[in-house]
Amino acid sequence: MKVASVWISGEAEVDGALTVVSDDLATCRSDLRCCSLQGALDTCNYHVDGPQVDFDPLHCLSPLPRAYQFLDGSAYVNHVELVRRARGATMPDSFWTDPLMYQGGSDSFLAPTDRIIGDPAWGIDFEGEVAVITGPVPMGADRAKALDAIRFVMLCNDVSLRNLIPDELAKGFGFVQSKPACAFSPVAVSPDALPGWRDGKLHGVMNVELNGQPFGRLQTGVDMTFDFGDLICHAAKTRNLAAGTIVGSGTVSNKLDGGPGKTVAQGGAGYACIAEQRMIETIQQGAPQTRFMQPGDRVQIWMEDERGQSIFGMIDQTVQALG
């Protein structure tokens, strides 16, 4: 099953109308009763009775325009290792066995084509991620229960303000200002409808383009140290997770060449965020060369199946200066 949340005026304006989308993303049916995806997750009822119409991603909100909880991990430890290596820091051994995770804002997500509004001095960056939406997960759930709770899979652009992060983390209390609203793909897909879904991982190529140029061609099933079963178990260790909880993978990061990584132009997998390219430039050249996003810059994130058909639709966002 493929679902979306389509914007309509009236009482469902905030959460959108539950929409079931065809496999080829060509047509859809929306629930005329204005049922939301969150309502469907709560009741396990995804039936829609509206007429079949053309599917237009421009009418989509993020699948969950707001959620009870957004937990973002760092499952691709290669990314963490590069961050620390670029600043001359060693990485604790525990990072390979105990997932990193933070609780992000979830009261208002950006639509997949919304502008990213911010001050360029903040160091505006994108982060291509895979994310899942869960049903209810009991505290202390084991791996089998964690994986069984995954209802939908989607893509994420976890917007980060890199220049605000160091001072904020130095306080020792986590992210707030440096992690503004993020966006998700127009469509979320149930695991049974994803041929690339195996063992808690999505196997496929994530495409990332910056200003129309290839920036990343990343294997999402490769170099993922912690799969979604691991991440959900970690999150549920001391709490129940409500239906509609979103768990993110963290920045997709490959180490396919045996070294720190190469750009797409150099024949590598490239990167899912600007920060990672800057880290490698720092390691290899002593200082970063690539700028963070500026007003007018455009990022696109999507995945295709073996036939070249888009699976989740496209995250397509442009930066706009604050004010």
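The values are calculated or read from the model by the stated rules, or taken from the named source; none is laboratory data. Given the structure is predicted, the values throughout are model-derived calculations rather than measurements. When we count neighbours, we look across all protein chains shown, and the Cβ atoms used for this are built from the backbone with ideal geometry, even at glycine. The protein model used for the area step is the full one, side chains on, heavy atoms only, and it has no ligands, DNA or RNA in it. Shrake-Rupley method; radii C 1.70, N 1.55, O 1.52, S 1.80 Å.
Numbers at a glance
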item: Count - residues of the stretch 291-312 that are touching a strand residue (DSSP E or B) at 6+ places or on another chain (Cβ under 9 Å) and without any contact (Cβ under 8 Å) to a residue 40 or more places away in the chain; result: 1
item: Members of the stretch 279-313 that are part of a loop (DSSP other than H, G, I, E, B) and either loosely packed, with under 14 Cβ neighbours inside 10 Å or in contact with a His (Cβ under 9 Å, 6 or more places away or on another chain) (or both); result: GLY286, ALA287, GLN289, ARG291, GLN294, GLY296, GLU306, ARG307, GLY308, GLN309
item: Test set (1) assigned to a loop (DSSP other than H, G, I, E, B); (2) free of Cβ contacts under 8 Å to residues at least 24 places away in the same chain - ASN254 fails condition number; result: (2)
item: Enumerated strands (runs of 3 or more DSSP E) restricted to the stretch 1-119, each holding at least 1 residues that are at pLDDT 95 or above, of a type in the set (A, V, I, L, M) and surrounded by fewer than 14 Cβ atoms within 10 Å (Cβ to Cβ); result: 52-54
item: Subset of the stretch 121-153 (residues that are touching a Leu at 6+ places or on another chain (Cβ under 9 Å), not small (Gly, Ala, Ser) and not in a loop (DSSP other than H, G, I, E, B)); result: TRP122, ILE124, ASP125, GLU129, VAL130, VAL132, ILE133, THR134, VAL137, ARG151, PHE152, VAL153
item: Given (1) part of a loop (DSSP other than H, G, I, E, B); (2) closer than 20 Å to SER160 by Cβ; (3) not basic (Lys, Arg), index of the condition LEU231 fails; result: (1)
item: Residues that are outside any strand (DSSP E or B) and of a type in the set (D, E, K, R), drawn from the stretch 202-223; result: ASP223
item: Out of VAL132, VAL159, VAL137, VAL153, sole residue that is buried (at least 20 other Cβ atoms within 10 Å of the Cβ), over 16 Å from the mean Cα position of the chain (by Cα) and touching a residue at least 40 places away in the same chain (Cβ under 8 Å); result: VAL137
item: Checklist (1) open to solvent by 50 Å² or more (accessible area, probe 1.4 Å); (2) of a type in the set (A, V, I, L, M); (3) under 14 Å from the mean Cα position of the chain (by Cα) applied to ALA188, failing item; result: (1)
item: Selection from the stretch 216-240 of residues that are open to solvent by less than 20 Å² (accessible area, probe 1.4 Å) and without any contact (Cβ under 8 Å) to a residue 60 or more places away in the chain; result: GLY221
